[in-house]
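Following: one structure in structure tokens, then a few remarks.
Nothing in this text is a laboratory measurement; each read-out follows from the coordinates by a stated rule. Note that this is a predicted model, so its numbers are computed, not measured. Methodologically, a virtual Cβ is constructed for each residue, glycine included, from the backbone with ideal geometry; neighbour enumeration extends over all protein chains shown.
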Amino acid sequence: MNLSNSLTPALAYLRRHISQEAVSNERLVLLSGGAVVLVALSLLFGFWSLTSRKGEELSKSRAAMTRLQAEVTGDQWPKRLETTQALKTQLSVRLWDAPTPGLAEAGFESWLRNRFTSYGGAPQQIQITRSPAVGRDGQTTSTLAGLQRMTAKVIAPFDQSVIMKVLGDVAEAEKLMVVDRFIVRAGANSRLEMDVSTFIRTNDANAGRAKP
């Protein structure tokens, strides 16, 4: 028995009667037409929105490219490079100079001790430590590679006039110096505890490790 031949009359009946019923039912026709129109409008609106958004992105990209080309082809980049190089030179000059880290420590300690003694003070202790320089995030970047922070922990009798003059020398020093900590211990024998840091650049293979 051929299945295709047996289904043909049934399919013809369904097409004939259902098609006539659908055509005669005006409400169904209107609903179907309305649904088609809504789908078409939704597709058109979605396509228009996508096209408009892509057009805005393209306009922004073109504007950004135009600004970038103007900056690259102008004289601003060479000027910025010159400014950066000049600033780098100024910062390099302000680093502590010494052939070796050991001599840098000795020179820094001597400088601080001389500041106190020249004003009549007598530091009891000056201890130098070194550590790799780090950025604000606590990490050593390629820019800071080879740069070390050298910190002097100073303990001295507290004498206001001496301390004010020493702090003035630190602030006006040719080399970059920072007062990290300043504590005055009150009492019968009041004393000062102060941490002063400066920076050195070295290519010593062992310099990158902090000195205890």
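Computed values, structure above
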{"quantity": "FRET efficiency, Ala40 to Val134 (Cβ-Cβ, R0 41 Å, nearest 0.05)", "calculated": "0.05"}
{"quantity": "Integer Hz, Karplus 6.51/-1.76/1.60 couplings in order for the range 112-119, x for Gly and Pro", "calculated": "5, 5, 5, 4, 5, 5, 5, 9"}
{"quantity": "In nm, spacing of pseudo-spin labels at Thr100 and Gln69 (7 Å Cα→C-beta vector)", "calculated": "5.9 nm"}
{"quantity": "Where labels lie 7 Å past Cα in the beta-carbon direction, separation of Phe182 and Lys60 in nm", "calculated": "4.8 nm"}
{"quantity": "Sorted by Cβ neighbour density within 10 Å, fewest at the top, the residues Arg113, Arg181, Arg130", "calculated": "Arg181, Arg113, Arg130"}
